[in-house]
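Structure record follows, encoded as structure tokens.
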Amino acid sequence: MKVTLLNFTPAPEKTVVLAAKLCYSDSNISQLEEKIKGVSYEKFLGKILNMGHLSVLEHAGFTFGIEGISRATSHQLVRHRLASYSQQSQRYVAFKEGLGFVTPPSLKKNSGIAKKFSDTAASLHNFYKEMIEAGIPAEDARYILPNAATTRIIVTMNARELLHFFGLRACERAQWEIREMAKQMLSLVKKESPFIFKKAGPGCVSTGKCTEGEMTCGRPDEIREEFKKL
């Protein structure tokens, strides 16, 4: 898996501060730049966000390039509707060579099962190639490809949706692959917008309270320490 931050709103925290300041100021747009000079972004944004004025976060967008995730994970990802997606097509791209497969870690604990998984994936890909070579359209040959097949996708989310996404998908209760992807994404945006994403993560990190009830992992202190290092 490889996650790259391709692009983002320049000076995202300044952009959010400008948007928030406008809501409470009679200044025109050109005057706002002067008004926020010397303003502590952390103090001002902290106050605004504690009030629940989260819409201002929607002015900061982040675009990721994600490679090597399984179709099983991309299917979970696109369920987050407040985002934009462009995914490598299995209809128009014929994977004659180089199609990868994601092997879940649980399988790797059993060498016999892991080998059968690998052999089966290779067999499916060989049959896929056989169909392509026989003139079967890629859009039909793809029906044999499993959820383990890797894909590439470009994703754009605004900061508000990212906070929601991290709350769900960076949790220990999330599926392991999308959790790893979410953590990589969070690590990247923290570098560009450290205050907005300072407490981003599952409930035990963002609010100090686990949201999973009886399904809790039971390791809140350990999880908080892990996210401090991202």
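The values are calculated or read from the model by the stated rules, or taken from the named source; none is laboratory data. Just so we're clear, the structure is a prediction, and the values are computed from it rather than from any experiment. All Cβ positions, even for glycine, are placed from backbone atoms using ideal geometry, and neighbour counts span all protein chains on display.
Quick grid of which residues meet (1) among the small types (Gly, Ala, Ser); (2) free of Cβ contacts under 8 Å to residues at least 24 places away in the same chain:
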residue: 83; (1), (2): yes, no
residue: 87; (1), (2): no, no
residue: 103; (1), (2): no, no
residue: 122; (1), (2): yes, yes
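In this structure, is residue 157 on the phi < 0 side of the Ramachandran plot, touching a His at 6+ places or on another chain (Cβ under 8 Å) and among the hydrophobic types (A, V, I, L, M, F, W, C)? So residue 157 fits the description; yes.
The rows are residues; the columns are (1) in a helix (DSSP H, G or I); (2) over 25 Å from the mean Cα position of the chain (by Cα); (3) under 26 Å from residue 6 (Cα atoms).
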| position | (1), (2), (3) |
| --- | --- |
| 82 | no, no, yes |
| 98 | no, no, yes |
| 120 | yes, yes, no |
| 126 | yes, yes, no |
| 132 | yes, yes, no |
| 135 | no, yes, no |
| 140 | yes, yes, no |
| 154 | no, no, yes |
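With respect to the stated conditions, residue 95 is surrounded by 13 or more Cβ atoms within 10 Å (Cβ to Cβ), touching a Leu at 6+ places or on another chain (Cβ under 9 Å), among the aromatic types (Phe, Trp, Tyr) and outside the structural domain of residue 177 (by TED's automatic domain parsing).
Given the range 1-78, what helices (runs of 4 or more DSSP H) lie entirely inside it while holding 2 or more residues that are free of Cβ contacts under 8 Å to residues at least 60 places away in the same chain and surrounded by fewer than 14 Cβ atoms within 10 Å (Cβ to Cβ)? I'd like the intermediate steps shown before the answer.
Numbers: elements: 12-23, 29-35, 41-50, 71-77.
The qualifying helices (runs of 4 or more DSSP H) are 29-35, 41-50.
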